[in-house]
């Protein structure tokens, strides 16, 4: 079993570029996610979660996606101790 690693900024930019290229070529969502996932070396479910989680009103933006991911990483383990 491989160890989980988070997407890097470069992988997010590759996903963004491939999404734009593949969207112009194919019509189905399944083909799009499979084709996008094959090049950056990530599983298609990772690509799907990345696109769904970080798609805003204007579509997927890699800069915004990376910023949100860093924010989630910093705040997920914050202590919640109440007096």
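The values are calculated or read from the model by the stated rules, or taken from the named source; none is laboratory data. Only a predicted model underlies this, so the values are computations on that prediction, with no experimental measurement involved. Glycine gets a Cβ as well: all are built from the backbone with ideal geometry, and neighbour counts include every protein chain shown.
Inside the stretch 1-34, residues that are more than 23 Å from residue 64 (Cβ to Cβ) and either in contact with a helix residue (DSSP H, G or I) (Cβ under 6 Å, 6 or more places away or on another chain) or at pLDDT 70 or above (or both) make up a count of 3.
For residues that are within 18 Å of residue 13 (Cβ to Cβ) and at pLDDT below 85, scanning just the stretch 55-83, find the one that is surrounded by the fewest Cβ atoms within 10 Å (Cβ to Cβ). Walk me through how you get there before you give the answer.
Within the stretch 55-83, the subset within 18 Å of residue 13 (Cβ to Cβ) is 55-56, 58-70.
After this cut, where a residue has to be at pLDDT below 85 as well, the list is 55-56, 58-59.
On the way: 55: 14, 56: 10, 58: 7, 59: 12.
Ranking the qualifying residues of the stretch 55-83, first place goes to 58.
Annotation: of all residues in the stretch 35-49 being within 25 Å of residue 72 (Cα to Cα) and not in a helix (DSSP H, G or I), the one that is modelled with the lowest pLDDT is 40.
Can you tell me which residue in the stretch 6-22 is farthest from the chain's Cα centre (by Cα), limited to those that are farther than 11 Å from residue 60 by Cβ and surrounded by 15 or more Cβ atoms within 10 Å (Cβ to Cβ)? Give the derivation first.
Residues of the stretch 6-22 that are farther than 11 Å from residue 60 by Cβ, as a first pass: 6-11, 14, 21-22.
When the remaining residues are screened for being surrounded by 15 or more Cβ atoms within 10 Å (Cβ to Cβ), the result is 7, 11, 14, 22.
Numbers: 7: 7, 11: 8, 14: 10, 22: 16 Å.
Selected residue: 22.
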